[in-house]
Amino acid sequence: MSWRLRLERSVTPSRTTVLLVSLLGVVAALVFAVPVFWAYKVSPWTAYTTIAQRSFGSWAGFMEVLRRAIPLMLCGVGLALAFRARFWNIGAEGQLLAGAVAATGVALFTKIPAPWLLPAMFGAGFLAGALWGAVPAVLRLKLGVNEVISTLMLNYVMIYIVEWLVHGPWKGKTMRGFAYTDFFPAAAQLPLIPGSRVHWPTLVIAVAAALVVALVLSRTRLGYEIRVVGQSTDAARYAGIDFLKVMVAVMVLSGGLAGLAGVGEMAGVHYRLRSPTHISMGYGYTAIIVAWLARGSPLAALFTALLFGLIFAAGDIMKASLQLPAQIVGVFNGLILFFIIGSELLLYWRIKWERGWTGKPGSSGS
Amino acid sequence: MDWQTWLIGIVGRALAYGTPLLWATLGEVYAERAGVVNLGIEGMMAMGALMAFATAQTTGDPWLGLLAALAVGGVLALLHAFLTVTLRANQYVSGLSLTLLGLGLSGLLGRGWEGIALRAPLPNVTIPGLASIPLLGPMLFQDESILTYLGLLLAVVLWIVLWRTRWGIVIRAVGEAPGAADAVGINVALVRYLCVVLGGLLAGVAGGYLSVVYRPAWTEGMSAGMGWVVIALTIFASWDPLQAVGGALLFGALYHLSFRLQQWVAPELLKLMPYAFAIVVLAFVGLGKAQRRRGAPAGLGLPYVRGER
Amino acid sequence: MKALRWTLVALAVFGVVGLAQAKLKVGFIYVGPIGDYGWTHAHNEGRLIAEKTLGIETVYVESVPEGEVETYIDLLVRQGCRVIFTTSFGFMDGTLAAAKRYPNVIFAHCSGFKRAPNMMSYMADFYQVYYLNGLMAGALTKTGKIGYVGAFPIPEVKRHINAFTLGVRAINPRATVHVRWIYEWYSPPAAKEATEALIAEGCDVFAFTEDSPTVITVAAAKGFPSFGHYSPMYDFAPAYVVSGQLVHWDKIYVEFLKGVLEGKYTTKNLAHIDYWWLLSQEAVELGAKRGMVINPRHEAALKAVKVKTPDLGEISVYDLVYARLAQMGAPGVSFDPFQGPVKDRKGVLRVPEGFWLSYDALITMEWAVGGVVGPWPGEP
């Protein structure tokens, strides 16, 4: 009798397996990063403990993680939805900026009185992001324009629109000629959790959005149609699903949520429109990974967004507290991603020990 | 200024700025034709630029620099191929991580190489005889880089291979219907590996061009988003090597024009011109051939697993 | 006996530790990478000199996005920094908010205008140096067209272009300065294409505001002279870099930090401290590289061109540059590029005869001087 190893394909991994495997990937990356710390004469132990202390080891640190995670949550939930429909929305950056522009317009140029101003900003931001997201959907379904290129191009278009606004028609009067709009009035500024910089209304909206999207996906007809479209185009066609309606609905939601993230950044962090690269520091692209890690689950996206908030905060700490060169952060993030991706392999293979008799076909043991 | 000088100037700049776009796009066309998306081009170009500069500066030979760039692009692409073909990981995310890694690593390793003028840049050439042809001469044969001509040659060769040889059929089959290709005995994984690595090699050279020819120096982030434009150009060119030439030149011309026309149009609006243009053109193209689907290879972006069809 | 020995050891250890703790810890927050060979690189050089000269401990963080400055200030304060420099206009409001939260930390913000009892502002400006560069450009241009690649149309850059153009026109009243904007502080491809566009328009001398030597190398490839920007750029094209602008942030850093160490600057008295340092404080320097005011290769050309000036008579451009440099470099500054009368390019009188521009007018400048050709977003 002998034992042997058999690799068996497992088609649908369980939730816990997914979680464990992703964690394994992160841990492997952290181990792999040790030589990087050594190369800069920083003890890995010090590095990791400092990061842990300054991030989730303290209230202030955890608040920072949360603050970074908010736009990732909103964009991530939206992208999870889009990816479920297999619509590759690379345009969350632009949709976020569209929301920021709308929020700024409402805050500075309308006379909406105090209690209604912030809700109006969020509403306008959602609409702007929804529009910016719906255009690629229509372009794909009516004219066959690949959405990867249309959403990517629209990112750049929105970036330059913002540049044009802050240098031209919306340039502030109080900014001594620098490229910023005027400061938002107090009624347009979101309240913060005292002692931190977390604009909690946006956080509440993000969690609510995740719940709503999860409900839509699992309980409504639209959600059913979205899932079918995402799984098989043919099946969807046989079921008579209206592709245009579904795609537009998906992108309205996806873009709208990214737009809400933009409003949050405006009303909760910057309080004015500024150079686009300082508003969205790759949130739209990072959210792609957030959504992917969440395997398309809006609720899980909340947690993967927190993970990335932690990764961003860790990067800040590496730069400031450990005095590592700024580029380390990119290398670190890249490594973490690599290992998580690599660990995906484990999701689709199960290792089984088998008891086998020579001469007899192996029986599946456990 | 007469229209001839205008035209010569614009075509000249289009060729110069379009060359790295062309090289990288040709590579990505092949990778995507085989069914693998590579979003890591930006990272490969950044590493290529650094390796080319560092090698050329150390050895004094720009060609060695370009060779080094070629190699590093290939290595990074090998990694991408391993992750996506063998480990069947999500292609988009793998590419994104490569970009992150490539940008970070090149910035990190590049510390200390900034602020130095390359002592051995690759000089441009002027083809005698041909350069004297009126109008076409100065436009196409004067003061251009060897890499520009090599790139155009490469485009023709790659087009012939893709559409007129057996290899091309194999590559396209792997991209369109990997299951069928596998059934006929084609080694899908090998074909994908080769195409992805080719893509990396060419992206590396594109990056090397930036630091050894276009602007002979190294600074962090000098690839300045070109990798993303390449992704778009691949689609814009309908995954065809010769159309990639047109796309790269068009983009180069528009980019240059956005500076020339500043006198008459707001600069920021000019800067968005190339990107908006791309969408508009694609929309028109879509209008024209609503029925005929000349789109992406059907298997693009999906890992191929035998038995899973 | 043993107790005494151990007490002495303990005292020594505590003494050393105490001394070590007494060393002032200063933090620097940069908006870009120190390898940019431009703005951030120069600040970092200043930091290194200050560290060595004063024996203080410094830490720095690079590539900090504007909205994140408060996060990094928190981390630096946590590390024990008692003075923090934030080196970009966009950090202003974040620094002010942090200054309110940390009343026992000294803050210094570069290129801004808001202050607090524990927050001062500082800037080293080039406009005088640009004027001197302009004098040389005006003498060297053969086509009468000079190219300027600008980053963003903000008052700082506009002020520099205007000063440059005034210098050009002082030598060649019909010359024009053609401007192209690239909308980035750092972008070699954009700088290259903009320069090529200007060359195509007929420009033959170049100056710029962009954090890389791209304009220089592109111009040199076609045989055109240029002026370096911010860091010594002579080595990029030794035959073509005529002169340039150089900055010495260490002059401000050393002076201010010395004041902090001596107790002259505290967390209570900074609200009116606003460094606006120019040539006479040696915060900026005219030159292609340190110590090379004018590239020797171009000396003959500059000596050959003569102009008539109201106060110095007929003089060669070479001598004029040195004369004006001396006038602006001496403590009792007796010349200013913007001394009246100065009209903008629409004909509006901006500086009346006999007047100089005030500090406020200088830092909010939006108009363009006569001779500037090209787009000028925000022109009044």
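Does the stretch B:114-125 include one or more residues that are buried (at least 20 other Cβ atoms within 10 Å of the Cβ), in a helix (DSSP H, G or I) and in contact with a Leu (Cβ under 8 Å, 6 or more places away or on another chain)? No, the stretch B:114-125 contains no residue that is buried (at least 20 other Cβ atoms within 10 Å of the Cβ), in a helix (DSSP H, G or I) and in contact with a Leu (Cβ under 8 Å, 6 or more places away or on another chain). Looking at B:109, B:101, B:76, just one residue is surrounded by fewer than 18 Cβ atoms within 10 Å (Cβ to Cβ), under 20 Å from residue A:328 (Cβ atoms) and modelled with pLDDT of 85 or more, and that residue is B:109. Look at (1) surrounded by 20 or more Cβ atoms within 10 Å (Cβ to Cβ); (2) under 24 Å from residue B:14 (Cα atoms); (3) free of Cβ contacts under 8 Å to residues at least 60 places away in the same chain and you find that residue B:146 fails only one, number (1). Against the criterion of being without any contact (Cβ under 8 Å) to a residue 60 or more places away in the chain and part of a loop (DSSP other than H, G, I, E, B), residue C:379 qualifies.
Residue C:300 meets each of the listed conditions (1) touching a residue at least 24 places away in the same chain (Cβ under 8 Å); (2) of a type in the set (A, V, I, L, M); (3) surrounded by fewer than 18 Cβ atoms within 10 Å (Cβ to Cβ) apart from (1).
Of the residues in the stretch C:240-258, how many are within 12 Å of chain B (Cβ to nearest Cβ) and out of contact with any Gly (no Cβ under 7 Å at 6 or more places or on another chain)? Let's see the steps before the verdict.
Step one: filter the stretch C:240-258 for residues within 12 Å of chain B (Cβ to nearest Cβ), giving C:240-241.
If we keep only those that are out of contact with any Gly (no Cβ under 7 Å at 6 or more places or on another chain) as well, we get C:240.
Here the count works out to 1.
Filtered by the rule that a residue be hydrophobic (A, V, I, L, M, F, W, C), farther than 26 Å from residue C:34 by Cα and more than 8 Å from chain A (Cβ to nearest Cβ), the stretch B:90-127 gives B:122, B:125, B:127. For the stretch C:76-87, the count of residues that are within 14 Å of chain A (Cβ to nearest Cβ), of a type in the set (Val, Ile, Thr) and under 16 Å from the mean Cα position of the chain (by Cα) is at least one.
Of the strands (runs of 3 or more DSSP E) contained entirely in the stretch C:193-279, those carrying at least 3 residues that are of a type in the set (Phe, Trp, Tyr) fall at C:274-277. Could you look through the stretch A:316-328, keep only residues that are at the interface with chain B (Cβ under 9 Å from one of its Cβ atoms) and buried (at least 22 other Cβ atoms within 10 Å of the Cβ), and pick out the one that is nearest to residue C:67 (Cα to Cα)? Here the residue is A:326.
Just to be sure before I move on: is residue A:257 over 30 Å from residue C:94 (Cβ atoms) and modelled with pLDDT of 95 or more in the structure I sent? No; evaluated as a whole, the condition is false for this residue.
Within the span defined as the stretch C:157-172, one or more residues are among the polar types (S, T, N, Q), farther than 20 Å from residue C:279 by Cβ, surrounded by fewer than 24 Cβ atoms within 10 Å (Cβ to Cβ) and more than 14 Å from chain A (Cβ to nearest Cβ). Somewhere in the stretch A:119-142, is a residue of a type in the set (Val, Ile, Thr), crowded, with 24+ Cβ neighbours inside 10 Å and under 29 Å from residue B:271 (Cβ atoms)? Checked against the condition, which is being of a type in the set (Val, Ile, Thr), crowded, with 24+ Cβ neighbours inside 10 Å and under 29 Å from residue B:271 (Cβ atoms), the stretch A:119-142 yields no hits at all.
Only one of the numbered conditions (1) closer than 30 Å to residue C:360 by Cβ; (2) away from chain A (no Cβ under 14 Å); (3) of a type in the set (D, E, K, R); (4) outside any helix (DSSP H, G or I) is violated by residue C:184, and that is (2). What number of residues in the stretch B:128-141 are surrounded by 15 or more Cβ atoms within 10 Å (Cβ to Cβ) and more than 23 Å from the chain's Cα centre (by Cα)? Residues that pass the stated criteria total 3. Which one is nearest to the other protein chains (Cβ to nearest Cβ) among residues in the stretch A:277-287 that are crowded, with 24+ Cβ neighbours inside 10 Å and part of a helix (DSSP H, G or I)? Ranking the qualifying residues of the stretch A:277-287, first place goes to A:279.
Residue A:168 satisfies every condition listed in (1) without any contact (Cβ under 8 Å) to a residue 40 or more places away in the chain; (2) away from chain B (no Cβ under 14 Å); (3) closer than 17 Å to residue C:378 by Cα; (4) surrounded by fewer than 19 Cβ atoms within 10 Å (Cβ to Cβ) except (2).
Checking each residue in the stretch C:55-74 for being facing chain A (nearest Cβ under 7 Å), assigned to a helix (DSSP H, G or I) and touching a strand residue (DSSP E or B) at 6+ places or on another chain (Cβ under 8 Å) picks out only C:72. Of everything in the stretch B:255-285 that is part of a loop (DSSP other than H, G, I, E, B) and facing chain A (nearest Cβ under 8 Å), the residue that is surrounded by the fewest Cβ atoms within 10 Å (Cβ to Cβ) is B:266. Among the residues of this structure, residue C:193 does not count as one that is in contact (Cβ under 8 Å) with a residue 12 or more places away in the chain and within 9 Å of chain B (Cβ to nearest Cβ).
Taking (1) away from chain A (no Cβ under 12 Å); (2) farther than 29 Å from residue B:304 by Cα in turn, residue B:24 satisfies each apart from (2).
The values are calculated or read from the model by the stated rules, or taken from the named source; none is laboratory data. What you are looking at is a predicted structure, and each value in this text was computed from that prediction instead of being measured. Note: ideal-geometry Cβ built from the backbone for every residue, glycine included; neighbour counts use all protein chains shown.
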